[in-house]
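Okay, structure first, notes after.
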Amino acid sequence: MARILVGVKRVIDYAVKIRVKPDKTGVVTDGVKHSMNPFDEIAVEEAVRLKEKKIASEIIAVSCGPAQSQDVIRTALAMGVDKGIHVEVSGKEYETLQPIHVSKILAKIAQNEKCDMVILGKQAIDDDANQTAQMTAAVLDWPQAVFASKIEKGENEITVTREIDGGLETIKCKLPAVISADLRLNEPRYATLPNIMKAKKKPITKTTPKDLGVDVAPRIKIVSVEDPPVRQAGVILPDVDALVAKLKEGGHVP
Amino acid sequence: MMIKYAVTLSRISVVENVFFQTRRYSSTSKRSLSKDQYNVKRGNFKALEPQHIQFFRDLLGETRILTGVNNLDKYNEDWYGFAKGESSLVVKPKTTDEVSAILSYCNKNLLAVCPQGGNTSVVASGVPVFDEVILSMELMNKIHKIDDVSGVVIFDAGCVLENLNNAVSEKGLIVPLDLGAKGNCQLGGNLSTNAGGLRLIRYGNLHGNVLGVEAVKADGEIINCLRTFKKDNTGYHLKHLFIGSEGTLGVITKIALQCPPHPKSKNIAFLGLESYDKVLKTFKKAKFDLGETLSAVEVLDRESVILTEEKLALRSPIGEYPFYLIIETSGSNEQYDSEKMDKFLEISLKENLILNGVASSEPSKIKNIWEIRERTAEALRHDGYVFCYDFSVPLQHFYTLVDLMKTHMGSKSHRVFGFGHLGDSNLHLQVSVREHTKEIQNMIEPFVFEKVREINGSISSEHGMGFLKAKYLDISNHQSATKLMRVLKNVMDPNGILNPYKVIPY
């Protein structure tokens, strides 16, 4: 039976209004509600379902970040994950942590934990990078099946339906493999109270990038973070003639 | 940011503006007119003539009046499908002076007026019965002042609740009122019906939170009670005349509202329980254990949750249980509040008060859980014809009333269910039938109102009396009170032009 590694990232909750810092170095995170990245929730749900089908024997959730990242690990444990690993990265180091670093960390843990499947969210809703799964597969030299909307396990292989621009693509790949979860893969469960209580007793191991032999020195520099341009308000016009005149005036029609 | 937005849309059935999104109007609407369905006799008012329309055209301009009965279904019909009028004129003022001019003219010319906010009333308060001039407040939507020190906010009555809440939250405040219709309902309408909503247990009702109002009497006189102090004992508290009187004594044009600070932390629990007795015990425990942080306690029965799942695909996150509670806390200390909630839930689970549940402090999950309760009204619209009732009843009788109606209706109903604001003893009893018939209506009313009276309840908790309940006012009120209401109405509106056929028995 497979051992599955899932990545869980702590991001600003998607129902929160994002505010850019006045100095444009990033977004305001202090006093802002965070939660598990929605795509990572889908990854966790899929791993738990595979365990419920007796396809997986153990699930390990990993999160890289400050102390508060343990919150999302606890959520994963309450959803049905067996144990958590918190890779402590804080302060400036965390601000400049990039997918290349995370993929090396995940690859190292996957090897240490003898995992044969890594399931990640296809992207995080904060940086929208969509790189970690692909890079993790490259570092491990494992096959990858990204943007998965369906996963079926066979004998030492998996069949994955992928969401691509042209529709759906079905691929087969050998295990071990790296999978990234797309939106339609499943509907994540809520962690129920009895499971939240049980999760408090499940272990979370702490480690650091240094312990794992990963250098997290930044490779790129964020120059500026800006709000999208504000959409101009519309105007109500009395009749069609006024509309045509307005369109001509704006150069929208000849 | 694009992906973030995509996630939001795909994973959540967006609650904002559900009222608007699900409205279906057509100029060929088959719905029967209220006057025929309820056998109402028209008041002694003048019919609209071309010179009247010309007056309004001159006053407001071409773009702020709508004419022709066939174009006005959106204004003539209520959202639930309970009532339909046949007005052929909608006027849309932008200022108090314009409201004054409109009412003054209508009063002199004996033209009946139906003030209308977001048209989300459950008792048809905001739609005409005959051909009343519809006074739509939708363009009176300016926010004049937000004082983030005192928390006093001054705004026009046509402000949409959700828009106002978004504006004040930018200043670290919250509107002390929240309801499922927030995307469409207007504050003027909320005041006119003294709407209660989901967080009354925490912030109290509008009589307490409204510091002052500006209103226009039937004769066009502007009454300025727009005070901004919590304490002001200079004579009669006239603002209270306009709060809860459903536009029958005057039209509210401006409001001064006390807005509390936006809570820094919020926690929610969605719980499954095996009996109504356990619901009461859990509620009592929540009051004691969660104390000052408790901001909402809502109860739903199994049928309510099945309905939202069937009609809107909003599933219970914990499966099926006879009863559900939504308990929300809000406060200023995240760690303290979370620990309090966790402890309460842990003990409730151990003591077998609750069978299962989910809890969260994440805004997205809080929003998802609230949808199950907030969108029940939307689900109702897809369930045949629904008789909606809104009662204040002693808590021990809260659910016996639902069971009583199930027995009383037998096979005549499609489903009978109840949900509501347990925190303030407010039951929303719903009787769903395949289609409306006089026979079924007579079977339910006044039977249900008399049963409420027997248990010392009120037949209108927060929806008001409107048109649909007006004739039953005496069931809940002492005759002396109704008599005084009539006296008051005659003093404030001697010609009876303001929202006729509403509140007081017609």
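The values are calculated or read from the model by the stated rules, or taken from the named source; none is laboratory data. Just so you know, these numbers come straight off a predicted model, no measurement behind them. Note that we place each Cβ from the backbone using ideal geometry, even for glycine, and neighbour counts take in every protein chain shown.
Summary of values
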item	result
Pick from region B:55-93, criterion among the hydroxyl-bearing types (Ser, Thr, Tyr) and without any contact (Cβ under 8 Å) to a residue 24 or more places away in the chain, ranking: farthest from B:Val129 (Cα to Cα)	B:Thr63
Restricting region A:189-200 to residues that are facing another protein chain (nearest Cβ under 9 Å) and either in contact with a Cys (Cβ under 9 Å, 6 or more places away or on another chain) or of a type outside the set (A, V, I, L, M, F, W, C) (or both), the residue that is farthest from A:Pro38 (Cα to Cα)	A:Pro194
Output for region A:126-140, where each listed residue is buried (at least 24 other Cβ atoms within 10 Å of the Cβ) and under 10 Å from the mean Cα position of the chain (by Cα)	A:Thr132, A:Ala133
Count - residues of region A:222-244 that are loosely packed, with under 12 Cβ neighbours inside 10 Å, free of Cβ contacts under 8 Å to residues at least 60 places away in the same chain, out of contact with any Asp or Glu (no Cβ under 7 Å at 6 or more places or on another chain) and not acidic (Asp, Glu)	11
Output for region B:459-478, where each listed residue is touching a strand residue (DSSP E or B) at 6+ places or on another chain (Cβ under 8 Å) and among the polar types (S, T, N, Q)	B:Ser460, B:Ser461, B:Ser476
Residue ID - surrounded by the most Cβ atoms within 10 Å (Cβ to Cβ), chosen from residues in region B:437-477 that are free of Cβ contacts under 8 Å to residues at least 60 places away in the same chain and assigned to a loop (DSSP other than H, G, I, E, B)	B:Glu445
Where A:Ser90 falls short, out of the listed (1) in contact with a strand residue (DSSP E or B) (Cβ under 8 Å, 6 or more places away or on another chain); (2) buried (at least 20 other Cβ atoms within 10 Å of the Cβ)	(2)
Conditions (1) part of a strand (DSSP E or B); (2) over 24 Å from A:Asp71 (Cα atoms); number of the one not met by A:Val235	(1)
Of residues in region A:30-58 being assigned to a loop (DSSP other than H, G, I, E, B) and buried (at least 16 other Cβ atoms within 10 Å of the Cβ), the one farthest from the other protein chains (Cβ to nearest Cβ)	A:Ile55
Within region B:333-361, considering residues that are surrounded by fewer than 19 Cβ atoms within 10 Å (Cβ to Cβ) and among the basic types (Lys, Arg), the one farthest from the other protein chains (Cβ to nearest Cβ)	B:Lys343
Inter-residue pairs, beta-carbon under 7 Å, first basic (Lys, Arg) and in region B:314-337, second not in a loop (DSSP other than H, G, I, E, B), 6+ apart	B:Arg315/B:Glu309
Failed condition for B:Leu249, given (1) within 14 Å of another protein chain (Cβ to nearest Cβ); (2) part of a loop (DSSP other than H, G, I, E, B); (3) among the hydrophobic types (A, V, I, L, M, F, W, C)	(1)
Only one of A:Lys201, A:Lys153, A:Lys210 that is modelled with pLDDT under 90, within 30 Å of B:Glu351 (Cα to Cα) and among the basic types (Lys, Arg)	A:Lys201
Checking B:Ser411 against (1) in contact (Cβ under 8 Å) with a residue 12 or more places away in the chain; (2) not in a loop (DSSP other than H, G, I, E, B), the condition it does not meet	(1)
Given (1) modelled with pLDDT of 90 or more; (2) over 29 Å from the mean Cα position of the chain (by Cα), number of the condition A:Val253 does not satisfy	(1)
Subset of region B:252-287 that is charged (D, E, K, R) and more than 28 Å from A:Thr29 (Cβ to Cβ) - its residue that is surrounded by the most Cβ atoms within 10 Å (Cβ to Cβ)	B:Lys254
Helices (runs of 4 or more DSSP H) (entirely within region B:15-90) containing at least 1 residues that are at pLDDT 85 or above and loosely packed, with under 12 Cβ neighbours inside 10 Å	B:34-37, B:50-60
Residues located in region B:312-332, provided they are surrounded by fewer than 18 Cβ atoms within 10 Å (Cβ to Cβ) and either within 12 Å of chain A (Cβ to nearest Cβ) or among the basic types (Lys, Arg) (or both)	B:Ala313, B:Arg315, B:Gly319, B:Ser332
Residue that is out of contact with any Pro (no Cβ under 7 Å at 6 or more places or on another chain) and at positive phi, where the choices are A:Gly65, A:Gly7	A:Gly65
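Residue-wise test of (1) free of Cβ contacts under 8 Å to residues at least 24 places away in the same chain; (2) over 23 Å from B:Pro363 (Cβ atoms); (3) polar (S, T, N, Q).
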position: A:Tyr14; (1), (2), (3): no, no, no
position: A:Lys17; (1), (2), (3): yes, no, no
position: A:Val27; (1), (2), (3): no, no, no
position: A:Arg49; (1), (2), (3): no, yes, no
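Residues are listed down the side, and each one gets a yes or a no for (1) touching a Leu at 6+ places or on another chain (Cβ under 9 Å); (2) under 18 Å from A:Val48 (Cα atoms); (3) within 12 Å of chain B (Cβ to nearest Cβ):
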{"site": "A:Lys174", "(1), (2), (3)": "no, no, no"}
{"site": "A:Leu183", "(1), (2), (3)": "no, yes, yes"}
{"site": "A:Glu226", "(1), (2), (3)": "no, no, yes"}
{"site": "A:Val230", "(1), (2), (3)": "no, no, no"}
{"site": "A:Gly234", "(1), (2), (3)": "no, no, no"}
